[in-house]
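The values are calculated or read from the model by the stated rules, or taken from the named source; none is laboratory data. Source: prediction; values computed, not measured. Glycine also receives a Cβ, built like all others from the backbone with ideal geometry; neighbour counts cover every protein chain displayed. The area values use the complete protein model at the heavy-atom level, side chains included, leaving out ligands, DNA and RNA. Shrake-Rupley method; radii C 1.70, N 1.55, O 1.52, S 1.80 Å.
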Amino acid sequence: MKHIIGGKPPSHPAPAVHPPAARLVEVDQDSAGQRLDNFLIRHLKGVPKTHVYRIIRSGEVRINKGRVSADTRVEAGDVVRLPPVRISDKVAEKAERPAPAREFPVLLEDEHLIAIDKPAGVAVHGGSGVSFGVIEQLRQARPASRFLELVHRLDRETSGILLVAKKRSALTHLQDQFRERETGKTYLALVTGTWPANKKVIDLPLHKYLQAGPEGTSGAGERRVRVTTADDPDGMRSITLVKVRSTVPARAAQGLPAMSLLEVTIKTGRTHQIRVHLASQGHAIVGDDKYGDFDLNKRLQKLSMKRMFLHAWRLQFNHPASGERVQLIAELPPELAGFVSPA
């Protein structure tokens, strides 16, 4: 059985079959300036992106009765024609099942943005096997908020500062700053070993790839990143600045080596950049289940250190409305602070 989004429910018995009706949606001020494909993804819940692009290309989606492309920007007052779209029962059920409402610790909030302190273990959005994330839960918790969008991302395992825009103008302004590297992003990371104080810059290109799945299985494996060479056509230049904040002496009785707490500032925002750059220098992040010391991680879990020690600590940006420079700080969560400063 198929569900029809935007269609009229059938009546029983029906003397004749009427085609499902299209919907006409007027663009409001909060959606002005958004790309058409993103506008449709928000309005056609559960419809695969490939199908969204297909109905745009076929001309079934129209703005003010005219054909358009996926990158067309919608404007306030535009009338968008949304054709009925068929999706499976499973997809429909998932789309209709709301994420549980949840608020998160707020570091700053005004009419333009929210800065939250994201806990570790929570994805920022649904997808890739995760039904929902921060943004879906926040929307459920704030039904009166007409516009809430992620400005940037954090890995699921990383805690710390995450920005959410409350207006489209704020979203585009802040995303421009991230893209143009006008923001200051500093993380706290605990790594194995004693980091050399004179090693302050890591300038190594990174290459994304899919790790092969387990033997005997089909399909691609997990997304991974590795350091590559300057002549790699798929390598992306990546720059990380490192400052030693403190050292944690070895704890022989617990089988733990010396460690270093680092302030890590990224000048580029590549996938897994900090994790891979630090591991490439022989100092992996404590608790990293992809690039870390797996034997050490097992010992740490027995000591109640069950997460990766990477925290988005400080963020600097220009406020999207006033232009003033804003600096936010999210202190280490208790499980990390207690580990580096045991009582």
Computed lengthening from E324 to Y209, 0.36 nm per intervening residue step minus Cα-Cα distance:
37.5 nm
Karplus-derived 3J(HN,Hα) from phi for segment 237-243 (6.51 cos²θ - 1.76 cosθ + 1.60, θ = phi - 60°), whole Hz, x at Gly and Pro, runs 4, 9, 10, 10, 9, 10, 10
How many percent of the alpha carbon pairs in segment 293-343 exceed a separation of 18 Å?
50
Share of carbon and sulfur in the accessible heavy-atom surface of the chain [1.4 Å probe, %]:
51
Percent antiparallel among DSSP beta bridges with both residues in the chain, to the nearest 5?
95
Which whole-number percent gives the relative contact order of the chain, counting Cα pairs below 8 Å spaced six or more residues apart?
14
Mind jotting down the three principal axis lengths of segment 207-327 based on Cα atoms? Whole angstrom, largest first.
51, 42, 27
Highest mean packing first, using Cβ neighbours within 10 angstrom, the peptides 307-319, 64-76, 284-296 sort as 307-319, 284-296, 64-76
So what does the Cα-only Debye profile of the chain read at q = 0.07, 0.15 Å⁻¹, as log10 I(q)/I(0), no solvent term?
-0.38, -1.37
Segment 42-69 versus segment 266-311: alpha-carbon centroid distance in Å:
41
With a Förster distance of 22 angstrom and the Cβ-Cβ distance between D71 and A101, calculated FRET efficiency to the nearest 0.05 equals 0.10
